[in-house]
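Here's the structure, in structure tokens; my notes come after.
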Amino acid sequence: MSTSLEDAINLVSAEEKRMSAVNDCFVYFAALAETRRRGVVSDLFQCLRSDLPRHCDDDAALRIHNVITEFIEKCPAHPNVGSAFRILLHLHAIDDLKSYLLAKLMFFYAQGHAHAVYQLCTVIEDLGMDVFRDESGAFIPSRSYNEGGKNLGVARRFLERQNCDPDAAGNSRHAG
């Protein structure tokens, strides 16, 4: 077998371990963020190695915030991106998270990425903004990330109420 082929095979074979390690990092970041937000050690630490530091000061929060936002920019289709927005919220590392989240909502809406849109909508609502409304303006009490068309419609209506152009990326409007 050629070295190039062997390298390709080894890279694909190692992906499961790499993905598992990245998932563990996001659980750790979530545990630190939740601990920071609540002021008590997160239950998520029960899923992690016992030797991991459990304190997240302002410097650590900003470092985690920066690595997560860079990750979102470089790997927007990665499965951990959806959970990353709640971690950013709980870290509270920057003062203007709302602007960042609105920009990401516009991006993921334009991409039709229903899961990320749902996660963003829930986090933006947790910031105190009124997001989940139907076509008539009525509050949507029951939500599901599985309802992609509904969530994209929620995002479109919310962005329109914010005077944002939900189709800024040049995509056609999504049904909702």
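The values are calculated or read from the model by the stated rules, or taken from the named source; none is laboratory data. In this text, all values refer to a predicted model and were calculated from it rather than measured experimentally. These accessible areas exclude ligands, DNA and RNA; they are computed on the full protein's heavy atoms, side chains included. Shrake-Rupley method; radii C 1.70, N 1.55, O 1.52, S 1.80 Å.
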- Message: Could you report region 1-156's accessible area per residue, 1.4 Å probe, as an integer in Å²?
- Response: 56 Å²
- Message: List the pairs from K98/K150; K74/K104; K17/K150; K74/K150 whose alpha-carbon separation is above 24 Å, in the order I gave them.
- Response: K17/K150; K74/K150
- Scoring region 1-131 by relative contact order with C-alpha pairs under 8 Å, at least six apart, yields a percentage of 20 percent
- On a 0 to 90 degree scale, rounded to 10, what angle separates helix 58-74 from the longest Cα axis of the chain? 80 degrees
- Message: Given a 10 angstrom Cα cut-off, can you work out which residue in G128, G112, G82 is the most mobile in a GNM of the chain?
- Response: G128
- Using alpha carbon positions and the Kirkwood radius, the Rg to Rh ratio of the chain is 1.04
- Query: Percent of accessible area on the chain owned by carbon and sulfur, 1.4 Å probe?
  - Reply: 53 percent
